[in-house]
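Undergrad: Take this structure, written in structure tokens, and hold onto it; I'll ask about it next.
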Amino acid sequence: MPKLNLIIKLQLISLFLISLPLLNGCGVYSFTGASIPAEAKTISVQYFQNNALLVEPLLSGEFTNVLRDRFMNQTTLNMVSQNGDLAFEGEITDYRTTPVAIQSDQTAASNRLTITVNVRFTNKFDESNNFETKFTQYKEYPSEQDLNAIKQTLITEIVEMLVDDIFNKSVVNW
């Protein structure tokens, strides 16, 4: 029996040693699907100024903080104020509500709140991943609801969708 335990231990050690280069070869992987270059240690997310025609006062801060939080919670990167190994900057370019689903009496059955963010991403270690892209997301709401009453919930949901898209494009490489 002790000989069998020794054989099993040796097999496990061999399997570990064989798989070690595979784990270390291409970068750091996480359960979120993120693939970050092994040499990347820092990230910077600049404040996203709201340059939309209609400015929602708290949107810039909320968007910037949610983007920062996503990378702090789902990667091992350290946040720095500027010039991170991975770096984000940009601006909110559109914030608007529009009628959709026009009914026969020319009134809207629902409205759509849309937010667009222009993002510039820089990866110091793999410039092929650099991009400048506009991300747009929206949520619809019944036209009989007052936007001011549900605005914060809609904004929170839209910001989460935008951050998902940005995270995926920058480090999940979809």
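The values are calculated or read from the model by the stated rules, or taken from the named source; none is laboratory data. Everything quoted here is computed from the prediction, not taken from an experiment. A quick note on method: Cβ atoms are made from the backbone with ideal geometry, for glycine too, and the neighbour counts reach across all protein chains shown.
Undergrad: Name every residue in segment 49-92 that is surrounded by fewer than 16 Cβ atoms within 10 Å (Cβ to Cβ) and part of a strand (DSSP E or B), in order of residue number.
TA: Answer for segment 49-92, where residues must be surrounded by fewer than 16 Cβ atoms within 10 Å (Cβ to Cβ) and part of a strand (DSSP E or B): 49, 78, 79.
Undergrad: Okay, moving on. Among the residues of segment 113-120, is there at least one that is hydrophobic (A, V, I, L, M, F, W, C), modelled with pLDDT under 95, buried (at least 18 other Cβ atoms within 10 Å of the Cβ) and under 15 Å from the mean Cα position of the chain (by Cα)?
TA: Checking segment 113-120: not a single residue is hydrophobic (A, V, I, L, M, F, W, C), modelled with pLDDT under 95, buried (at least 18 other Cβ atoms within 10 Å of the Cβ) and under 15 Å from the mean Cα position of the chain (by Cα).
Undergrad: Tell me yes or no: at least one residue of segment 130-147 is surrounded by 15 or more Cβ atoms within 10 Å (Cβ to Cβ) and either of a type in the set (A, V, I, L, M) or within 13 Å of residue 43 (Cβ to Cβ) (or both).
TA: no
Undergrad: Does any residue of segment 124-136 turn out to be in contact with a Leu (Cβ under 9 Å, 6 or more places away or on another chain) and assigned to a strand (DSSP E or B)?
TA: Yes, the conditions are met somewhere in segment 124-136.
Residue-by-condition table, conditions (1) more than 13 Å from residue 63 (Cα to Cα); (2) touching a Pro at 6+ places or on another chain (Cβ under 8 Å); (3) free of Cβ contacts under 8 Å to residues at least 60 places away in the same chain:
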{"residue": "134", "(1), (2), (3)": "yes, no, yes"}
{"residue": "139", "(1), (2), (3)": "yes, no, yes"}
{"residue": "146", "(1), (2), (3)": "yes, no, yes"}
{"residue": "152", "(1), (2), (3)": "no, no, yes"}
{"residue": "159", "(1), (2), (3)": "no, no, no"}
{"residue": "162", "(1), (2), (3)": "no, no, no"}
{"residue": "166", "(1), (2), (3)": "no, no, no"}
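Undergrad: Could you figure out which of (1) out of contact with any Pro (no Cβ under 7 Å at 6 or more places or on another chain); (2) closer than 23 Å to residue 51 by Cα; (3) not in a helix (DSSP H, G or I) isn't true of residue 111?
TA: The failed condition is (1).
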